[in-house]
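To start, the structure under review is shown below, and the notes come after it.
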Amino acid sequence: QQSGGVGPFTYTLTQGPLPAGTSLNGLSLSGTFTGLSGWIQFTVQVGDALGATASVSPKFWMYDHISLGSGNCVGNYGTGCSVVIPLPGGVPGSGRSVRIISITPNNPGPNQPRCWPASPPAGVGNATVGAGSVTVSVPPRLISGYGAVWTIQVDEQTPCAAGRNCTSNQATVVIGVQCG
C-alpha cells in the first residue's frame, strides 16, 4: 500500500522483469501470469509531484497453472469403469473441486446397437479431485450400455486475479460402459 506524498504519482519498473503475461498498473500487476514457476523479484520506484521517490521490491514464488489432461473410462456392466487423470500445477494445499461442465451422449457406431439412454441417469458416476489427480468413475452394475463425453474442469480456492479463483483448462473424459 502507498501512503503520503503529493499526487500525481509515477510508477517505474527500475530492476528485474515483471512476471510474464503481466504489466504494471500503479502498484498492482494486471494480466495473467504465464511464466514458469519459481522465484521472481523486481523493483518499482514510486515518484510524487515534488520529486520524492520510494521503492518497493516484492519477491514471490510463482506456481504453474493447474492443467488437466483428458482420459477414457471404459468398462462393462460387471466392472464399471474408472480413470485417473493427472492434475499437475497449482498451489500446494489449496482446496480444489471438480465440476462437470457438460455431458454429451456418445452415440454408437453404425454396427453397434444403441443400448444406452440419450442422457445419463442420475447418479451414473462421479468425478472427484485429489492432491494431484482427478478420478472419474462409473460403478459396476449401475448401468449397462452407457456412453458419453464428460467435459470437466477443476476449480482451485486460490485467487488468480481480483475476484477470480484459479481454474484448470476444460478437459474431456470419454465414458463407455458396454452393453451386457
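For the reader, a short list of remarks on this structure follows.
- Portion, in percent, of the accessible area of the stretch 1-92 that falls on carbon or sulfur, probe 1.4 Å: 55
- Placing R0 at 35 angstrom, the Cβ-Cβ distance between R164 and Y77 gives a FRET efficiency of 0.25 after rounding to 0.05.
The values are calculated or read from the model by the stated rules, or taken from the named source; none is laboratory data. Just so it is clear, the model here is predicted, and its values are computed rather than measured. Because the Cβ atoms are built from the backbone with ideal geometry, glycine has one as well, and the counts that use them run over all protein chains shown. In case anyone asks, the SASA skips ligands and DNA or RNA and just uses the protein heavy atoms, side chains included. Shrake-Rupley method; radii C 1.70, N 1.55, O 1.52, S 1.80 Å.
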